[in-house]
Each structure stands twice: as C-alpha cells, then as structure tokens.
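Participant: Attaching a single structure in structure tokens format; questions to follow.
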Amino acid sequence: MGANSDSDVVYIFDTTLRDGEQSPGAAMNIEEKIAIAETLEDMGVDVIEAGFPISSNGDFEAVQEIAKLVRESAVCGLARSGRRDIERAAEAVKPAARPRIHTFIATSPLHMKHKLQMEPEEVYRNVVDSVTHARNFTDEVDWSPEDGTRSDHDFLCRCVEAAIKAGATCINVPDTVGYSVPEEFGNLIRMLIERVPNSDKAIFSTHCHNDLGLAVANSLAGVAAGARQVECTVNGIGERAGNAALEEIVMALRTRGDAMPYRTNVRTEVITRASRLVSTITGFNVQPNKAIVGANAFAHESGIHQDGVLKNASTYEIMTPASVGLAESRIVMGKLSGRHAFRDKLVELGYELGDNAFQDAFRRFKELADKKREIFDEDIVALVDDEVVRGNDRIRFVSLQVVCGSRGPQTAELELEVDGERRATTSTGDGPVDATFNAIKALTGNRARLQLYQVSAVTEGTDAQAEVTVRLAENGKTVNGQGADTDTLVASARAYVNALNKLLVKREKTAPSALSA
C-alpha cells in the first residue's frame, strides 16, 4: 500500500484557485484569491493550490501573497515540467510555512503524440528531470501524469516509480477528461499501489473531472483503493463540467463512515460560507438542487417529507444543516442595530473584516436597512460578499437613475468613478437594463459582448435583494460579474461593472498551453 494508505486520514487538496479559475469567466483578482485562500485555511484544507505562477505576473503575485499569509495549510504552485516553470513556482511558494510544487506531464499515447509530440522515453526522462529539479526547492513535490486514466499501464508504472525515486512525495492520478467510471478508476489506483515497487514512499492522490458526472464517485473509489489525498474544488468548479466537489467528498466521508472508514481535517461548518464566497467571486450561482450547498439541499416540500422531518429530522435528512454551517435564518438585525451588534452578527456568520472593510460593510448595511424592512442572514452574507468582490476595482459604481415604463423611451442616468475620475452620462436603450449597460459602455469605452444576464432573489418578498450575474466576452476571454442590491437595476449595474473590472485583470493573463493536469 502507498504511504499512509493504512491511515484513516484523507488529505484535502483544494485547487479552486488554480483549476477552478480555469472555468470560462472565473478569473479572480489578487484580493479575491486571498479572501478565498483565507477561508480555505479556516476550513482546515490541507493543501491550497494557489495558482500557476508562470502563467502571468498577476498569478505569480497572488500565489506569493497567499504563501506569505497562509500558515496552517500547505501552499502549492503548479508547474509544467520545464525548469523555468518549476523555478517560477518555487519562487512563488517560497514564503509559505509548507511550500509545495505540483509538476506534471502527459503520459497517454494520445497526448504524447498529438500534444507534446514527444516519444515515451523522452517523456520518461522528463519526469525524472522535473521531479529532481523540483526537490531542490521544496520537500513536498506532487507529480501528475496528465491523462493518466488513458495511459498505458506499463509505461504509467515506470513513470510513477521514477517520479517517486526522484523525490516525489505525492503521486496524483488525473482523470483529466472525466472518462473513467468508479470501478475502473479504483482499479487503476490499486494497480499502481500494488505494481510500483516503491509506492510505499509516496501518498497517492486523485484528480477527477466531472464530464460524465462521476468525479466524486471516482474520487471516492480511489480513496477506497488506497489513495489518501483528493484534489477537488469548492462547488465543483473547474474546466468544462468541473472537478470533484470538495463539499461532497468531505460530507460523504463524514456521513458514510460505516461504508468508508476515513476522515478529513476539514471543519465542515465553514463549507456553506466557502461555497457562497466562491459563488459570489466567480459569479457562478450554485444550482438549487446541488448536493450539500444548494438552496434546496435541506428543503422539504412534499407533505410526507415535511411530516417525517417534523417528527424526526433523520427521517429525511442524513446530515444536519448546522454540520455544513447552514444556520436557520433569523431576523435579528434592522436599521436601529449598531456597529457592535453588526460586528457580532458578522462573527456569527463567520466573517472577520478589517476596519475599513467593516466600515464599508456597515454603511451598506444601514443603507439596506433603510430600504428593506426585514434583514435576513442571507442579506448580510450577500452584502459582505459583494464588498469582497469589489476589492480595489478600477471602475466603481456611484449612482444610477432610470426612467422606464411602457411608453418609453427608457433612459439611464449613470455616474461611475474610473481610475479615480468621476464620469457621468445619460443613455437610452431597449428597456432599462439595456439603457443602463449602454451608459456603462459610453463611460468606459468598452465593447465587450454580453453573453449572460441572470437575476435571482437573495431572500423572499418583494423587497428582497436581487443578485445579478453578468457574463462578458472579449477576444476569446470570458468573465462573470456579480452585484447585489434591493434595486434590480442597481444590482445589474454593479454586476456589469464588476465584470468589466475582471476583464481588465483577464487582459493581463496569458496562460501557457497545456494547462490541465
């Protein structure tokens, strides 16, 4: 068996900030990445893959800042097998209390021939050289055979053995294209542990994509076969159909200890907060029926179900809402609430804001309380997360006045702050949203194409805050923006402005090819 494979601990390797950011439209700025990293550390994640340092200066800086701040989790940087990649990753993670480098190269015949255009022996030598070089900088080195599930078993075993001999402390097996089924993936992990002579010198890990909806099932099959690390993301975000969802992996292991006698170091009560933060920052709303963190995950509409839950919750709930940090919303805040009560509420919801962020959040809370009679916990979460999203935006929303109705024309009078300069204009459009977006375009000069406009309510009632998601596309790049306000049009403007700010960040990002693993 592999190192620690007889242990009941499964280590959680979170790649939300790296693989998750590769979701189309999910680009994050440095402040957003830091906010997520701090939440992941608070949640007890063992390893945070903070980014791909060579992909851009912005990504390098984000990984380096996270490495400076995070003290309990290992901080990992991704690198292809080239020396320059590895050295850049090493420099970025150097300040970490536990620095880690994750390097990879494709090993499947398909990838070697068509993508790498390398012969197997050349790839083999590359494995040895890359891992050896990475070990010059860190004690913890992950090695991944990209497209491992479609690789020849004999060649894969040779490469894994060589990587461990060269100093890899973790062998991560990616199902890069989400092709495997659980029995097949479990057998692959088991085969590697049994056939590779020095497998006991490394921990085996899973990295499963969700193209067939089997990422979590495949990951758990890998754990049952001896893997003791799972690579996953919050809300399962990631390229194409995404990755194995962290919350589903962790809660499956916690809930079904009878069938899977393993445990993680994750503080599950932080799961809901992490989910909401990632959703707000990326603009990817969680589907209502999503396991663990969806709005309907603990909702019961069927009369039979409701009757059973009222008599005994365990009749239809296999875990408690509190176990994932989902407390019942209570109306305890209002326009008469002071700073002390507001700070206590933030702590109760899991937020610790600095003085400036707290003052901004309290100001917006008071504004919200003047508009909305009943303030729910969800309102405060949306408000605070919206503040996190703003960060150090170059474009800031100031004010909006809209004239609309059936007679028309619909007009929007908008004021923005662009790089510290106040700008104002009035525009018309085919409806109030179109007029508002035309005004933003006029003030910023941006002509990005609108791909998605989506509105959802944070809570019930006609005075509920609207949460708006906007997706913009420009030259093959896509970004999502999100905004919240009791006025849907103001929320729309905030979301569009947020997307534009992310687009400015994305313009500076030029990710190298072969970024998958």
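Participant: Could you check how many residues of segment 38-65 are under 22 Å from residue 143 (Cβ atoms) and at pLDDT 95 or above?
Facilitator: Number satisfying all stated conditions: 12.
Participant: Oh, and also: Got at least one residue in segment 44-56 being within 20 Å of residue 278 (Cα to Cα) and surrounded by fewer than 19 Cβ atoms within 10 Å (Cβ to Cβ)?
Facilitator: yes
Participant: Residues of segment 239-250 being of a type in the set (A, V, I, L, M, F, W, C) and surrounded by fewer than 24 Cβ atoms within 10 Å (Cβ to Cβ), which ones?
Facilitator: Passing the criteria: only 241.
Participant: Any chance segment 462-480 includes a residue that's in a loop (DSSP other than H, G, I, E, B), under 20 Å from residue 368 (Cα atoms), touching a residue at least 60 places away in the same chain (Cβ under 8 Å) and among the charged types (D, E, K, R)?
Facilitator: Yes, that holds for at least one residue.
Participant: While we're looking at this one, here's another question. What about residue 172, is it within 21 Å of residue 123 (Cα to Cα), among the polar types (S, T, N, Q) and either over 28 Å from the mean Cα position of the chain (by Cα) or modelled with pLDDT under 95 (or both)?
Facilitator: For residue 172, the condition - within 21 Å of residue 123 (Cα to Cα), among the polar types (S, T, N, Q) and either over 28 Å from the mean Cα position of the chain (by Cα) or modelled with pLDDT under 95 (or both) - is not met.
Participant: A further question on this structure: Do you know which residues across segment 57-67 are under 18 Å from the mean Cα position of the chain (by Cα), touching a residue at least 40 places away in the same chain (Cβ under 8 Å) and surrounded by fewer than 24 Cβ atoms within 10 Å (Cβ to Cβ)?
Facilitator: Across segment 57-67, the qualifying residue is only 58.
Participant: How many residues are out of contact with any strand residue (DSSP E or B) (no Cβ under 9 Å at 6 or more places or on another chain) and β-branched (Val, Ile, Thr) if we restrict to segment 236-258?
Facilitator: So the count comes out to 1.
Participant: Applying the selection to segment 193-220, what residues are surrounded by 19 or more Cβ atoms within 10 Å (Cβ to Cβ) and free of Cβ contacts under 8 Å to residues at least 40 places away in the same chain?
Facilitator: The answer is 196, 206, 208, 209, 210, 214, 216, 217, 219.
Participant: Please tell me if residue 236 is within 20 Å of the chain's Cα centre (by Cα), at positive phi and crowded, with 24+ Cβ neighbours inside 10 Å.
Facilitator: Yes; evaluated as a whole, the condition is true for this residue.
Participant: Between a first residue in segment 356-372 that is more than 21 Å from residue 459 (Cα to Cα) and a second residue that is part of a helix (DSSP H, G or I), which pairs have beta carbons less than 7 Å apart while being 6 or more apart in sequence or on different chains?
Facilitator: 357/387; 358/343; 360/387
Participant: Could I ask something else about it? For segment 91-117, which positions are closer than 13 Å to residue 131 by Cβ and either among the polar types (S, T, N, Q) or assigned to a helix (DSSP H, G or I) (or both)?
Facilitator: Correct list: 103 only.
Participant: Within segment 365-378, does at least one residue satisfy the condition of being outside any helix (DSSP H, G or I), of a type in the set (Lys, Arg) and either assigned by TED's automatic domain parsing to the domain that holds residue 423 or at pLDDT 75 or above (or both)?
Facilitator: yes
Participant: Given the residues 135, 150, which is the only one that is in contact with a Gly (Cβ under 6 Å, 6 or more places away or on another chain) and of a type in the set (D, E, K, R)?
Facilitator: Going through 135, 150 in turn, just one is in contact with a Gly (Cβ under 6 Å, 6 or more places away or on another chain) and of a type in the set (D, E, K, R): 135.
Participant: Would you check if residue 8 is among the acidic types (Asp, Glu), within 30 Å of residue 157 (Cβ to Cβ), surrounded by fewer than 24 Cβ atoms within 10 Å (Cβ to Cβ) and in contact (Cβ under 8 Å) with a residue 12 or more places away in the chain?
Facilitator: yes
Participant: Having 1 or more residues that are at pLDDT below 95 is the bar; report the helices (runs of 4 or more DSSP H) wholly within segment 199-306 that clear it.
Facilitator: 271-282
Participant: Restricting attention to segment 451-461, which residues are surrounded by 13 or more Cβ atoms within 10 Å (Cβ to Cβ) and either part of a strand (DSSP E or B) or not polar (S, T, N, Q) (or both)?
Facilitator: Listed by number, the residues that qualify are 451, 452, 453, 454, 455, 456, 457, 458.
The values are calculated or read from the model by the stated rules, or taken from the named source; none is laboratory data. Everything quoted here is computed from the prediction, not taken from an experiment. Reconstructed Cβ throughout: ideal geometry from the backbone, glycine too, with neighbour counts over all protein chains shown.
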